[in-house]
Amino acid sequence: MATRDPANTLRNQRIAELTEQINDLKDDVLKLTGYKNEHSLNATFGGKYAEYIDIKNEVIDTPEQFIALYFQGFLRTLEGMGIFARQGNAYYGAFALVKKHKKVQEWLRLFLTRTFLRNYDALSKARPRVEEAEIWIGQNNASYGILITPRFKNGAWENDKSEIRHFKPKYWTIGHIMETGFVIPDEDDRIEFRDVEKYLSFFRNTLVRNSGSVHERAIARKYCQFVCSSDHPLDVPLLIPELRYGGKDAKHEHRLDFTIINPHTLAKVGFELSPWSSHGAIAGTKKKTQKEINEEAKANFQREMRKLKAYFRKLGIPILVYTDEDLADHDAIFDEIEKYLSPTNVPKQLEFQAMEDFLAFTPAI
């Protein structure tokens, strides 16, 4: 059984602590603001965060960033009202209460911090653009799709775009595929998996075995071992074989053996296992010396790799290429791949002056 995520445990503990602090301040804040009950107070301040922050597109990593964006949005709202930001206006009235009472400021900071922590998973995830919210893998006549919120409509698969932000698993991870399964192109049908082991079996014995590459199969076995030994297997990024970068219908110009998509940043990195035999083969060797064969094979290989790198450079996808010498050590290759299977989320630079700027607002005369 997977162990409990310590980050979630700490978050829940912090939410409980914040609730106690908020409750301790509640009665005093109600008296200072004149609101009849906690519901009205929450609706006036905390309930406005979706109005002040572009939560559809903004990726928020910390409570400090969430609070900063909240006050920046609140300030933009006040500034946009011009001469109407004055007594009698509900937004200005809320602003005046925060500015006047330190205890209201303290309560609001605690309330916004708890709001962020309660919505952490949805707020902290990078959300893919519409065109990046589905990927297709596999050969031309044996492809599968991975969507985020798949629905079959008018004879084709699409995402329910309104639900993408609420998708609970981390994007493009084992948890993602357990939630959605694979969709079958142009058919109202899916391949779904009861447990992680079933998915890994399909990955290894169907998706990767079809390639016929002993090197890909070796890396696939190591990936399966890595997932099974993980404390949190559902959070492990997918090792995606044969990603169709042009989409479901586009003819492949180049394919990569494996791709990993960082679930936090959505950045892609590709891995190409390229023995000379597959990219540097030459014809008419009977009349050539071994030296000539080697030089020509090397030139062919280098030419193919230049084409491959140039193609993926246009797509903004860095790739790591492993040749014959590298492929003699599958452990070393997977050690490099493993770095991309344990990604971390680097917080954004915070904007610490948001509260001060907000409190310095002066209504237009």
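The values are calculated or read from the model by the stated rules, or taken from the named source; none is laboratory data. Treat the numbers as computed from the prediction; the structure is a model and nothing was measured. Positions of Cβ are generated from backbone atoms using ideal geometry, with glycine treated the same way; all protein chains shown enter the neighbour counts.
Here Trp136 fulfils each of the conditions (1) over 21 Å from Leu341 (Cβ atoms); (2) part of a helix (DSSP H, G or I); (3) modelled with pLDDT under 90 apart from (2).
Out of the range 173-204, which residues are more than 18 Å from the chain's Cα centre (by Cα) and among the small types (Gly, Ala, Ser)? I'd like the intermediate steps shown before the answer.
Residues of the range 173-204 more than 18 Å from the chain's Cα centre (by Cα): 182-204.
The one that is more than 18 Å from the chain's Cα centre (by Cα) and among the small types (Gly, Ala, Ser): Ser201.
For the range 120-131, the criterion of being under 19 Å from Met355 (Cα atoms) and among the charged types (D, E, K, R) is met by no residue.
When you scan the range 80-118, how many residues do you find that are within 30 Å of Phe167 (Cα to Cα) and modelled with pLDDT under 90?
0
Of Glu163, Glu187, all but one fail to be part of a loop (DSSP other than H, G, I, E, B) and at pLDDT below 95; the exception is Glu187.
Annotation: Asn210 fulfils all but one of (1) in contact (Cβ under 8 Å) with a residue 40 or more places away in the chain; (2) buried (at least 16 other Cβ atoms within 10 Å of the Cβ); the unmet one is (2). Leu266 fulfils the conditions (1) surrounded by fewer than 19 Cβ atoms within 10 Å (Cβ to Cβ); (2) in contact with a helix residue (DSSP H, G or I) (Cβ under 9 Å, 6 or more places away or on another chain); (3) modelled with pLDDT under 80; (4) not aromatic (Phe, Trp, Tyr) except for a single criterion, (3).
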